[in-house]
Structures are given as structure tokens and as C-alpha cells.
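Participant: Please read through the structure below; I'll follow up with questions.
The values are calculated or read from the model by the stated rules, or taken from the named source; none is laboratory data. Because the structure is predicted, anything quoted here is derived from the model rather than measured. Because the Cβ atoms are built from the backbone with ideal geometry, glycine has one as well, and the counts that use them run over all protein chains shown. For the accessible areas, the whole protein counts, side chains as well, though only heavy atoms, and no ligand, DNA or RNA atoms are used. Shrake-Rupley method; radii C 1.70, N 1.55, O 1.52, S 1.80 Å.
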Amino acid sequence: LPLIAICGRPNVGKSTLFNRLTGSRRSIVGDEPGITRDRIYGEIEWMNRAARIVDTGGVVPDDEALIPSEIFRQAKVGLEEADAIVMVVDGRTELASPDLELARLLLRGGKPVFLAVNKMDTDAMQSQAENFRRLGFRNVLPISAEHGSGMGDLLDAVFEILPEPAEIIE
Ligand code: GDP
């Protein structure tokens, strides 16, 4: 199955989004031996098609100073493995330098990338998502992972570019 990677710094709502998209079809997969961070894989179905999805923020280091390097390490794994990447930002907070660096890394990576501007819980907030276009993404989608809004548009956009013919789900 094609793979979608969710990237972003801590607290932007990656795991909330992941849980909403996967329901209970998920598993925690250990990393290579010697590396303690885990990524969490799940399965997702949309319009009779299926994909795997990975939350690259499975485990966040306790040491704040390690967070940026861990985000980048995980993002690179996403860039290698995934067919599409969804970067999540918190639409209610100012962009921080890790967001800018992560965006740059992902945009250079050559894979299809989507920017999900999360925590846009009300209709009035959704127009704010446009402010995030300056990160350089062509696909900018306001979502509320908590309320479930914007999921259809996000999934339509991502599934449209996934490789592989439609997978029929029994
Ligand atoms: P992660 O560290 O990126 O995986 O972020 P989490 O999924 O753990 O979410 C971080 C915090 O943001 C939690 O308190 C969530 O409840 C909250 N959150 C996630 N999505 C939304 C949303 O759409 N709206 C609001 N208001 N809060 C959200």
C-alpha cells in the first residue's frame, strides 16, 4: 500500500490527526535496534482506496534541545519511505524556526507535500490558514483534527496523487 507520512513539531496535533484518520487500525512499530524512537503506523481508507499512514512524532524526546533534530530525523525517514507527506502546523500559533526549517527540508525532498493548518476549529478561523502559504506549500488545507473538519478535502487531495491503482476494500 502507498504510505502517507505525517510530520511536524510537537503539539501541533499530529497524533490527534493520525487517530482521527485511522480509528483503531494502528500499531506501534519499533525502530531499528539501538534507536529508541518509535513511529506509529496505521491504515486508512478513503473512497474505496487504502493507504498506510505513519505518525513520525511517535515519541518525543524529553530533552527540549533534542526536539528539532528528532523532528528532522523523522522527517527524513518520511521523505525516504513515504509517497506523500502531510506537514502539520498549529494555525493558532506563530510559526517557529523549526517549522520553517522543516518546510524547507520537505519542499526540497521531491515528494508530494501538503500543509495541514490544524486547530482551525471554526469557519471564521479557516481563512487564517492562507497566512501559512508563505511556508511555500502549494497545497494548504485548513483542518480541525479535534473536530474532524477539513478531513475530506485533505484526504481527497492526498489520495489524488498517491500512486497505485485503487484498492478495493472488501
Ligand atoms: P502532536 O504532539 O503533534 O502529536 O500533538 P497532539 O495530537 O498530541 O495534540 C496536541 C494538543 O493539541 C492536544 O492538547 C490536542 O488536544 C490539541 N489539538 C489537536 N488538534 C486540535 C484541533 O483541531 N483543535 C484544537 N483546538 N486543539 C487540538
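Participant: Does Ile67 satisfy the condition of being open to solvent by less than 50 Å² (accessible area, probe 1.4 Å), at pLDDT 90 or above and either among the charged types (D, E, K, R) or within 16 Å of the ligand (Cβ to nearest atom) (or both)?
Facilitator: no
Participant: Of the residues in the range 84-97, how many are within 12 Å of the ligand (Cβ to nearest atom) and either more than 20 Å from Ala157 (Cβ to Cβ) or charged (D, E, K, R) (or both)?
Facilitator: Total meeting the criteria: 3.
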